[in-house]
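Worksheet for the structure shown next.
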Amino acid sequence: MTIFKKPAVSAAEPFRVPSLAEASPDYAALVDKRQELLSQQSALTAERNELVRKIEEAPAPAMRPGVAALLGETSDSTTALRTRLSEVQRTLSDIDAALEVVRQRLAVARTGASKTICLAARPEYSRRVAAICEALQAVAVARAAYDDLRNEFDLHDVSWGSLGPLDLRFLGDARDGQVERFIREARSAGYYV
């Protein structure tokens, strides 16, 4: 028998923790809004980079804009590009601010969605904690039997090193160790009687 063998799956459908978006339509809407803003940000960043590249590659103007206007000519082929670049920069700044608002709202919505999930999961969580407590109770009984045998060996001055003594200190003290602490905490939280 394998010690850490996974127990057979029960006939009932296994419990599945829903996502925050499944638990809260508000949270889901905020996630969608964040994704929409990130997509816009990505597209505008690419456009900004292209505008900057075009502006940097454009030839220097032949004359000042005022002189070109008096002559009825254009002095700078990048004027429209620079205007659009300015618009893109402003929109990117607005998107950054909107993303921060969405981030803050997601933090608040996460709390509410988490409470909804925890409320629904509480019975299953309780069942699993109780199962651990029951298994740890069995460990405590087995440990006590092991300690009794070790004590008998010692009482009769038996040299039992050839059996390969095992150290159970990882469980803590036999009277108040890790097993007992976990069970106490589970009882205190109301998961185990």
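The values are calculated or read from the model by the stated rules, or taken from the named source; none is laboratory data. Remember, it's a predicted structure, so these values are computed and weren't measured experimentally. In this analysis, Cβ positions are derived from the backbone assuming ideal geometry, glycine residues included, and neighbour counts consider all displayed protein chains. Calculation scope for accessible area: heavy atoms of the full protein, side chains included, ligands and nucleic acids excluded. Shrake-Rupley method; radii C 1.70, N 1.55, O 1.52, S 1.80 Å.
Below is a table of values for the structure above.
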| quantity | calculated |
| --- | --- |
| Matching residues in region 145-193 - criterion: being under 24 Å from Ile132 (Cα atoms), assigned to a loop (DSSP other than H, G, I, E, B) and open to solvent by 80 Å² or more (accessible area, probe 1.4 Å) | Leu166, Asp167, Arg175, Asp176, Val193 |
| Pairs where the first residue, in region 10-28, is over 23 Å from Arg127 (Cα atoms) and the second is modelled with pLDDT of 95 or more and open to solvent by 60 Å² or more (accessible area, probe 1.4 Å), C-beta under 8 Å, 6+ apart | Ser24/Thr116; Tyr27/Arg110; Ala28/Glu22 |
| Condition check for Val141: of a type in the set (Val, Ile, Thr) and more than 30 Å from Thr45 (Cβ to Cβ) | yes |
| Residue that is over 30 Å from the mean Cα position of the chain (by Cα) and either exposed (fewer than 12 other Cβ atoms within 10 Å of the Cβ) or not aromatic (Phe, Trp, Tyr) (or both), where the choices are Arg110, Arg90, Arg105 | Arg90 |
| Residues within region 63-78 that are surrounded by 13 or more Cβ atoms within 10 Å (Cβ to Cβ) and β-branched (Val, Ile, Thr), tallied | 2 |
| Residues (touching a residue at least 24 places away in the same chain (Cβ under 8 Å) and closer than 15 Å to Glu185 by Cβ) located in region 119-133 | Tyr125, Ser126, Val129, Ala130, Ile132, Cys133 |
| Residue list for region 10-32, restricted to those being within 25 Å of Arg90 (Cα to Cα) and open to solvent by 80 Å² or more (accessible area, probe 1.4 Å) | Asp32 |
| Residues satisfying the stated conditions in region 39-83, i.e. under 24 Å from Ser93 (Cβ atoms) and outside any helix (DSSP H, G or I) | Thr78 |
| Given (1) open to solvent by 70 Å² or more (accessible area, probe 1.4 Å); (2) in a helix (DSSP H, G or I); (3) over 30 Å from Ala120 (Cα atoms); (4) of a type outside the set (Lys, Arg), index of the condition Gln35 fails | (3) |
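Yes or no, residue by residue, for (1) modelled with pLDDT of 95 or more; (2) hydrophobic (A, V, I, L, M, F, W, C):
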{"position": "Met1", "(1), (2)": "no, yes"}
{"position": "Pro61", "(1), (2)": "no, no"}
{"position": "Ser75", "(1), (2)": "no, no"}
{"position": "Thr78", "(1), (2)": "no, no"}
{"position": "Gly112", "(1), (2)": "yes, no"}
